[in-house]
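The values are calculated or read from the model by the stated rules, or taken from the named source; none is laboratory data. Everything numeric in this text was worked out from a predicted model, so none of it was measured. Neighbour counts run over all protein chains shown; Cβ positions are idealised from the backbone, glycine included.
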Amino acid sequence: MGEVMQIQEKGKATSEATSGMQVALSMEKPIVGRHINEGDVLYVKVPESHAKAMLTKFQTRLTPEELDALNNYVNIMRKKMPFWAA
């Protein structure tokens, strides 16, 4: 979709959004209602080596929600490249 330019919570800039937060994102390219819609799930592009490390070495440090999101992302990537992060 594009690079996140800024994240805001309640009108104030923040460096991250965690589970359960309602935030506003500013991005350069996508248009709301055309490319993205309210309620869409957006994933951060994770390098394959990082995903592999999180799935193996650091899996115990992830919350169940984070692990679920990572597994969803890996499954999406494996539709394009079957052995991605294997």
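Conditions tested, residue by residue: (1) touching a His at 6+ places or on another chain (Cβ under 7 Å); (2) surrounded by 10 or more Cβ atoms within 10 Å (Cβ to Cβ); (3) among the charged types (D, E, K, R).
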| site | (1), (2), (3) |
| --- | --- |
| GLN6 | no, yes, no |
| GLN22 | no, no, no |
| MET27 | no, yes, no |
| VAL46 | no, yes, no |
| LYS52 | no, yes, yes |
| ASP68 | no, yes, yes |
| LYS79 | no, no, yes |
| TRP84 | no, yes, no |
Output the strands (runs of 3 or more DSSP E) that fall wholly within the chain and possess 2 or more residues being touching a strand residue (DSSP E or B) at 6+ places or on another chain (Cβ under 9 Å) and not small (Gly, Ala, Ser), or say none.
4-9, 24-27
Looking across region 29-44 at residues that are surrounded by 10 or more Cβ atoms within 10 Å (Cβ to Cβ) and of a type in the set (A, V, I, L, M, F, W, C), the single one that is nearest to ASN72 (Cα to Cα) is LEU42
Only listed residue being in the same structural domain as TYR73 (by TED's automatic domain parsing) and over 19 Å from TRP84 (Cβ atoms), chosen from THR60, THR56, THR18:
THR60
